[in-house]
Amino acid sequence: MKRFVNALVLFAAWGCNADSRRDPGMVYGFDTIKPSANLTWTPCFDDFTCARLELPLDYSNKSIGTTSIAFIKLAGKNASVESPSIIINPGGPGGSGVDLLLSNQAIATQMFGEQYNLVSFDPRGVNNSGPSLDCFSGNPEARMAFNRLHRTGVTNISSTSLEEQYYSSSIYGDWCNDAVENGSPHGYYVTTPAVAHDLLTFIEAEAELAGQPPSDAKLWLYGISYGTVIGSTFASMFPDRVGRMILDGVMNADQYYDNDWRDNVDQMDEAMEKFSSFCHSAGPESCSFWGPTPANITARMDGIIQKLQNHPVPVSEVQSRGLPTLVTYSDLKALFVNTLYVPIASFPVMADILHQLEQGNVTALVGMFDGSGIASDAGFVIQCADSYRRNRLTTIEEFKSYVEYTVSKSKYIGDIYPIFVDRILCRSFRPQLPDSMLAQGPINGLGRPTSFPILFASNTIDPITPLKSARKMSSQFPGSVLLLQEAVGVSYRISITQSSQARV
């Protein structure tokens with residue numbers, strides 16, 4: 001268990017590429033693996049084994065067919081037949097656990113040790129798992145046209161921007177509904193409760209493969225960001241099947257299912273304020289936007305914001321014969337929100353860009369906002385299917401109220417956050433789903449305690465999955481513990497400062 005807890009301060013590295021060796025007898029993709037109702041592992045990607053587990057689309061009505069879920073395993077060198085598998089649950093919705101484990105083999109082993117098998121997976125509708133849905137049915141021109149219509153910049157940038165974003169959002173749901181009706185009839189069968197049931201089926205299949213009673217199988221899970229919604233949903237549905245569970249970078253699960261992500265903006269400005277203090281402490285040698293006081297740094301940054309808000313900068317590209325563009329206030333706000341996902345690693349980059357802007361060079365911001373457009377549908381399809389019957393963001397009055405709240409809570413991120421997460425897209429989705437696919441009531445363990453207490457974890461300043469969400473979710477599961485680390489950042493991209501401490 002000590003190794004398992006150490007994950008909270010080690011899971012920080014991203015981008016270690018999977019080994020590129022090619023063994024002729026090795027599988028390097030899931031397309032060549034035949035789905036099976038029995039858990040069958042195939043050697044893959046040199047150091048791993050892979051499986052495609054065939055599971056019911058609807059556990060309450062198995063006659064409608066099956067889908068396959070991609071799993072990947074890194075066997076612990078010291079693991080035995082009795083050793084539990086730790087399932088690493090990716091963020092999202094829409095994140096690929098297969099890619100996560102492939103890209104972080106070394107750090108994952110360091111986190112958890114060699115006495116466990118490490119498993120991850122692509123949840124329903126994501127990457128290598130079915131059922132998939134392409135809302136624009138292979139029509140990239142239509143997708144680009146929608147992005148141009150809908151993504152008009154920060155939500156309150158003009159007198160009409162909010163209304164344009166609200167009314168254009170229905171186009172997206174119309175295309176997704178049409179894709180389901182005319183080609184992917186089970187494209188909405190990707191809900192989080194179904195994924196939780198998939199995990200139950202997986203641990204039972206793994207127990208059976210090891211010669212153990214499936215009914216005794218327990219889930220060992222390290223869930224991050226949206227993975228904490230999967231974990232808390234599993235604990236709410238199957239409390240007696242919880243083994244060891246760490247939920248790190250915690251989302252408020254009920255707000256997630258209500259499509260009302262208000263808590264998420266709670267600590268964004270706290271994190272932005274840390275940029276000024278960290279930059280000042282680092283000194284001019286280490287922070288290119290350094291100033292004699294944190295207040296000086298903040299004031300200069302605010303001046304850049306105001307200048308771009310009032311005066312977008314044209315980039316003609318005449319000399320390079322490239323495409324002309326305009327750098328806007330929305331590009332700067334996109335820089336800020338992207339920085340907050342990995343603040344400690346990204347603050348130096350943001351400092352360099354702010355320094356360039358102060359010198360009149362805006363090229364680093366070119367395309368920053370446009371680059372955050374919708375390229376994949378999986379995350380939105382999952383979110384919108386999950387929230388269909390509980391959606392609290394459907395009318396223009398609700399959208400205005402939501403935007404007013406985010407703006408009031410965060411002067412740096414509040415105006416771009418609604419279009420960045422873009423939850424208004426769910427308002428015209430019409431999934432026809434059985435009750436078994438949807439979250440029934442609040443997500444909690446009240447009255448049904450888990451078989452082993454859950455460990456929730458959070459940074460003291462978390463700009464994306466704030467501390468108040470971790471406190472809320474811990475309060476909903478009696479016996480759970482909340483582990484705090486005195487640091488800034490999203491927990492699963494842990495940002496350890498010199499004064500960083502973990503405390504319960």
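Scan the range 376-394 and tell me whether some residue there is part of a loop (DSSP other than H, G, I, E, B), modelled with pLDDT under 95, at negative phi and among the small types (Gly, Ala, Ser). Yes, the range 376-394 contains a residue that is part of a loop (DSSP other than H, G, I, E, B), modelled with pLDDT under 95, at negative phi and among the small types (Gly, Ala, Ser). I need the full set of residues from the range 395-437 which are of a type in the set (Asp, Glu) and not in a helix (DSSP H, G or I), in order please. 415, 422, listed by residue number.
Across the range 249-272, a minimum of one residue is classified as part of a strand (DSSP E or B) and either of a type in the set (Phe, Trp, Tyr) or in contact (Cβ under 8 Å) with a residue 60 or more places away in the chain (or both).
I'm checking my understanding of the structure. Among residues of the range 68-111 that are among the charged types (D, E, K, R) and closer than 20 Å to residue 203 by Cα, which one is surrounded by the most Cβ atoms within 10 Å (Cβ to Cβ)? Filtering the range 68-111 for residues that are among the charged types (D, E, K, R) and closer than 20 Å to residue 203 by Cα, the one surrounded by the most Cβ atoms within 10 Å (Cβ to Cβ) comes out as 73. Just a yes or no: is a residue in the range 283-294 in a helix (DSSP H, G or I) and buried (at least 20 other Cβ atoms within 10 Å of the Cβ)? For the range 283-294, residues in a helix (DSSP H, G or I) and buried (at least 20 other Cβ atoms within 10 Å of the Cβ): absent.
When 162, 247 are checked against the criterion of being in contact with a Gly (Cβ under 9 Å, 6 or more places away or on another chain) and surrounded by 21 or more Cβ atoms within 10 Å (Cβ to Cβ), 247 stands alone in meeting it. Put simply, of 454, 424 the only residue that is in contact (Cβ under 8 Å) with a residue 12 or more places away in the chain and touching a strand residue (DSSP E or B) at 6+ places or on another chain (Cβ under 6 Å) is 454. Which residues, taken from the range 117-152, are part of a loop (DSSP other than H, G, I, E, B) and surrounded by 22 or more Cβ atoms within 10 Å (Cβ to Cβ)? Matches in the range 117-152: 122, 123, 124, 125, 126, 128, 129, 130, 133, 135. Among the residues that make up the range 210-217, is at least one of them among the aliphatic types (A, V, I, L, M) and free of Cβ contacts under 8 Å to residues at least 60 places away in the same chain? Yes, the conditions are met somewhere in the range 210-217. For the range 22-39, a residue qualifies if it is small (Gly, Ala, Ser) and part of a helix (DSSP H, G or I), but none of them does. Taken over the range 40-67, the criterion of being buried (at least 21 other Cβ atoms within 10 Å of the Cβ) and part of a strand (DSSP E or B) is satisfied by 44, 48, 50, 51, 52, 53, 55, 67. Within the range 96-111, being outside any helix (DSSP H, G or I) and either at pLDDT 95 or above or not assigned by TED's automatic domain parsing to the domain that holds residue 217 (or both) holds for one residue alone: 96. Selection of the range 438-455 for residues being farther than 28 Å from residue 61 by Cα, among the hydrophobic types (A, V, I, L, M, F, W, C), part of a loop (DSSP other than H, G, I, E, B) and at pLDDT 95 or above yields 452, 454.
Among the residues of the range 153-173, count how many are more than 9 Å from residue 135 (Cβ to Cβ) and either touching a Pro at 6+ places or on another chain (Cβ under 6 Å) or part of a helix (DSSP H, G or I) (or both). Total meeting the criteria: 12.
Scanning the range 315-337 for residues that are modelled with pLDDT under 95 and not hydrophobic (A, V, I, L, M, F, W, C) gives 316, 317, 319, 320, 321, 322, 324, 325. The residues on offer are 248, 258, 266, 240, and the sole one that is among the charged types (D, E, K, R) and either at pLDDT below 95 or more than 30 Å from residue 402 (Cα to Cα) (or both) is 240.
The values are calculated or read from the model by the stated rules, or taken from the named source; none is laboratory data. Values in this document were obtained by computation on a predicted structure and should not be read as measured data. When we count neighbours, we look across all protein chains shown, and the Cβ atoms used for this are built from the backbone with ideal geometry, even at glycine.
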